[in-house]
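Quick notes on the structure that follows.
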Amino acid sequence: MILKKQEKNGKIKAMYSSSTICVSIFDTATKDLTVIFNNGGQYKYTSVELTDYTRFETADSNGTIFNTYIKKKYTNFEKLDKLDENNIKSILKEVDELKTAEEKVSTEGAAKSMMEVMAGMVANYISTGNVDSSMLRKLESKIAAYDKATNPQPETAEA
């Protein structure tokens, strides 16, 4: 999942919350896509179509889309030098900071939404003496959203 995106001079740099991929850089002029993995490995794929890059960039599971739409389709690639330990640590630290901020916002929003529905149910019960089944279903979906925000499932991907 994308955490941060910058566009400058025809290049799109994105950072991800992914178990395998931390950064991508897409050159819109040359259609070169550089993918940087959490282990510091870098690969440059050539002639990547914007639609495939966009699909990869906006995916909930970047690793899965990378394997399906980039790695298999674009076999003309170059393995670049691995990032040194300090560079990859710096990138991963920024990714972790962005993830923490995103998770806090997501968790707080999910909790607030769940509590608002609960408060509405309580107010309805106090005034009518009945539990509204439609509100109960809404609460179930809010609880599921809260569970998802507080316990995200790791993605599976291969580098």
Problem set entry | Reciprocal mean inverse distance between Cα atoms of the stretch 2-80 - Kirkwood radius, Å | 12.2 Å
Seminar exercise, completed: Low-density loop trypsin sites (Lys or Arg not before Pro), the stretch 1-79, at most 15 other Cβ within 10 Å, DSSP non-H/G/I/E/B, are 72, 73
Exercise. If one computes P(r) from the Cα atoms of the chain, what percent of pairs lie at distances over 22 Å?
Worked result: 52 percent
Seminar exercise, completed: If every Lys and Arg gets +1 and every Asp and Glu gets -1 at its Cβ, then about the Cα centre the stretch 2-80 yields a dipole, in debye to the nearest 20, of 100 debye
Exercise. What is the spin-label model distance, in nm, from residue 137 to residue 104 if the labels are put 7 Å beyond Cα along the C-beta direction?
Worked result: 3.7 nm
Exercise. For the stretch 85-150, what is the relative contact order in percent, using Cα pairs closer than 8 Å and at least 6 residues apart in sequence?
Worked result: 39 percent
Exercise. Check residue 22: other-chain or 5+ apart residues with amide H under 5 Å from its amide H, H built from backbone geometry?
Worked result: 36, 37, 38
Exercise. Can you work out D for the stretch 85-150 in µm² s⁻¹ from Stokes-Einstein, where Rh is the Kirkwood radius over C-alpha pairs, the temperature is 10 °C and the viscosity is 1.306 mPa s?
Worked result: 114 µm²/s
Exercise. Using unit Cβ charges (K, R positive; D, E negative) and no other charged atoms, how large, in debye to the nearest 20, is the dipole of the chain about its Cα centre?
Worked result: 220 debye
Exercise. For the charge dipole of the chain, defined by +1 on Lys and Arg C-beta atoms and -1 on Asp and Glu C-beta atoms about the Cα centroid, which residue among 151, 50, 95 has the Cα displaced farthest towards the positive pole?
Worked result: 50
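Every number in this text was worked out from the coordinates using simple rules, so none of it is lab data. Just so you know, these numbers come straight off a predicted model, no measurement behind them. Methodologically, a virtual Cβ is constructed for each residue, glycine included, from the backbone with ideal geometry; neighbour enumeration extends over all protein chains shown.
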